[in-house]
Amino acid sequence: MAYKTIKTELAHNVLTITLNRPESLNAFNNEMIGEVTSAFKQAGKDKETRAVVITGTGRAFSSGQDLKEINERQEEFSIGRHLRLGYNKLILAMVTLEKPVIAAVNGVAAGAGCSVALAADIRIASEKASFIQIFSRVGLIPDSGSTWLLPRLIGYARAYEMAVTSDRISAKKAHSWGLVNEVTPHDQLVEIVGGWARTLATGPTLAFGLTKRAMYRGFNQSLVQSLDYESQLQELTGRSEDFKEGIQAFVEKRDALFEGR
Ligand code: LHQ
């Protein structure tokens with residue numbers, strides 16, 4: 001599909017989505033919100049895609065909502081509607097995609113840009129990356145899933161601190177808080193993320209997807225319910241080709257060759 005605000009590339013079963021509005025630090029205008037949402041939806045349908053990487057062109061991951069676009073439309077603009085029709089769909093497309101999503105955070109991730117990074121399953125940050133819940137600086141509450149995702153990732157006290165201070169959290173601090181999985185030298189980000197992505201893309205895709213579904217469901221239910229849900233989902237993975245291959249590979253003392261089925 002031809003996109004204007006993002007670039008997409010599929011290689012080694014990994015779809016890379018690159019936010020591509022570097023002149024505004026990859027701020028989300030309406031078009032980019034729509035295009036990123038369709039790219040994630042397409043990734044769900046495409047059997048060749050077994051992992052997704054989202055990153056930014058230039059020195060930023062994303063500066064969040066394009067404030068210049070909002071400024072031009074101030075009079076008739078409803079933020080609630082903008083969120084419901086835009087970012088909410090994007091965040092749901094990411095967290096309901098039953099394939100691993102890695103955010104390769106190459107620079108600042110601010111506002112809704114930070115929320116998008118939070119909606120990934122794994123965050124790998126360059127040492128030049130930073131995270132800013134910058135919403136309160138423009139008089140807003142965190143949105144695009146941040147009030148839900150951030151306390152679950154780093155706990156309420158740190159999440160609330162980020163929200164009310166709008167402080168810039170360095171990659172190093174984000175790592176110590178458990179917000180990112182790994183920090184890389186800036187010039188090695190692409191290579192290191194590529195390694196993670198290719199490893200995930202050669203894994204048991206069905207199991208990875210259902211793990212995500214079960215963990216998200218687990219946020220909102222009891223242990224008893226989660227035990228039952230695990231049993232239901234394991235019934236599905238237990239009938240997969242990848243499970244058969246996993247057992248076979250163990251018996252034959254070799255690495256499993258998962259095909260994502
Ligand atoms: C930008 C932006 C930007 C446009 C940098 N827009 N041009 C949801 C629904 C509806 C309404 C509102 O919000 C939301 C959710 C949100 O995301 S709210 C939060 C929105 N984002 C922000 O408030 C961040 C605004 N940007 C900044 O504070 C800084 O740019 C950061 C801290 C991200 C980076 O600072 P610097 O590294 O010093 O870069 P810079 O400020 O010099 O920016 C470089 C250029 O990018 C500059 O353009 P120019 O033409 O002057 O070179 C900026 O105007 C432009 N830019 N962010 N969000």
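The values are calculated or read from the model by the stated rules, or taken from the named source; none is laboratory data. Just so it is clear, the structure is predicted and the values come from calculations on it, not from any experiment. Cβ sites come from the backbone with ideal geometry, for glycine too, and all protein chains shown count toward neighbours. Protein only, heavy atoms only, side chains kept; ligands, DNA and RNA dropped before computing areas. Shrake-Rupley method; radii C 1.70, N 1.55, O 1.52, S 1.80 Å.
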Starting from the Cα of ARG213, step 7 Å along the direction of its Cβ; do the same at GLU259; then give the gap between the two resulting points in nm.
2.1
Report ³J(HN,Hα) in whole Hz for each residue of the range 175-185, in order, from the Karplus equation J = 6.51 cos²θ - 1.76 cosθ + 1.60 where θ = phi - 60°; Gly and Pro get x.
5, 5, 8, x, 7, 10, 7, 7, 10, 10, x
Between beta-carbons, use under 10 Å as the cut-off and find the net charge around ASP66, counting Lys and Arg +1, Asp and Glu -1.
-1
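Between GLN225 and HIS186, 0.36 nm times their residue separation minus their Cα-Cα distance comes to what?
Stretched fully, the GLN225-HIS186 segment lengthens by 9.8 nm.
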Long-range amide H partners of GLY56 with built H, under 5 Å:
LEU19, ASN106
Please state the shape class of the range 172-222: rounded when a/c is under 1.5, otherwise prolate if a/b exceeds b/c and oblate if not, all from the C-alpha gyration tensor.
oblate
What accessible area per residue comes out for the range 87-212, rounded to a whole number of Å², with a 1.4 Å probe?
41
The ³J(HN,Hα) series, computed from each phi in the range 50-61 with the Karplus coefficients 6.51, -1.76 and 1.60 at θ = phi - 60°, rounded to the nearest Hz and given as x for glycine or proline, is 10, 7, 10, 10, 10, 8, x, 7, x, 8, 10, 7
Using Cα pairs under 8 angstrom and six or more residues apart, how large is the relative contact order of the chain, in percent?
16
Size of the dipole of the range 11-99 about the Cα centre, Lys and Arg at +1 and Asp and Glu at -1 on the beta carbon, nothing else charged, in debye to 20?
380
Quick shape check on the range 35-89: root eigenvalues a ≥ b ≥ c of the Cα gyration tensor, a/c under 1.5 is rounded, otherwise prolate if a/b tops b/c, else oblate, and it reads oblate
Of GLY218, TRP177, ILE132, farthest towards positive along the dipole that unit charges on Lys, Arg, Asp, Glu beta carbons give the range 112-261
ILE132
The extension gain from VAL251 to ALA2, computed as 0.36 nm times the residue separation minus the Cα-Cα distance, is 85.0 nm
Sparse-neighbour loop sites [trypsin sites (Lys or Arg not before Pro); the range 87-186; at most 15 other C-beta within 10 Å; DSSP]
none
Among the listed pairs LYS41/LYS68; LYS45/LYS173; LYS47/LYS89; LYS47/LYS128; LYS99/LYS173, which are separated by more than 31 Å between their Cα atoms?
LYS45/LYS173; LYS47/LYS128
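Counting only chymotrypsin sites (Phe, Trp or Tyr not before Pro) that sit in a DSSP loop (anything but H, G, I, E, B) with at most 13 other Cβ atoms within 10 Å, what is the longest stretch of the chain containing none of them?
78-218
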Using the Cα centre of the chain as the reference point, and only Cβ charges (+1 on K/R, -1 on D/E), how large is the resulting charge dipole? Debye, rounded to the nearest 20.
180
Tell me the carbon and sulfur percent of the accessible area for the chain, rounded to whole percent, probe radius 1.4 Å.
55
I want to verify a result. In a Gaussian network model of the chain, Cα cutoff 10 Å, which of these has the top mean-square fluctuation: PRO22, PRO204, PRO151?
PRO151
Counting other Cβ atoms within 10 Å, keep those with at most 15, restrict to DSSP loop, and tell me which GluC sites (Glu not before Pro) in the range 37-77 are left.
GLU48
Test of understanding: in a Gaussian network model of the chain with alpha carbons linked when under 10 Å, which of VAL52, VAL224, VAL138 would top the mean-square fluctuation ranking?
VAL224
Taking the dipole of the chain about the Cα centre (Lys, Arg +1; Asp, Glu -1; charges at Cβ), the one of GLN232, PRO151, THR205 that reaches farthest to the positive side is PRO151
In a Gaussian network model over the chain where Cα atoms closer than 10 Å are linked, find which of VAL14, VAL108, VAL251 has the largest mean-square fluctuation.
VAL251
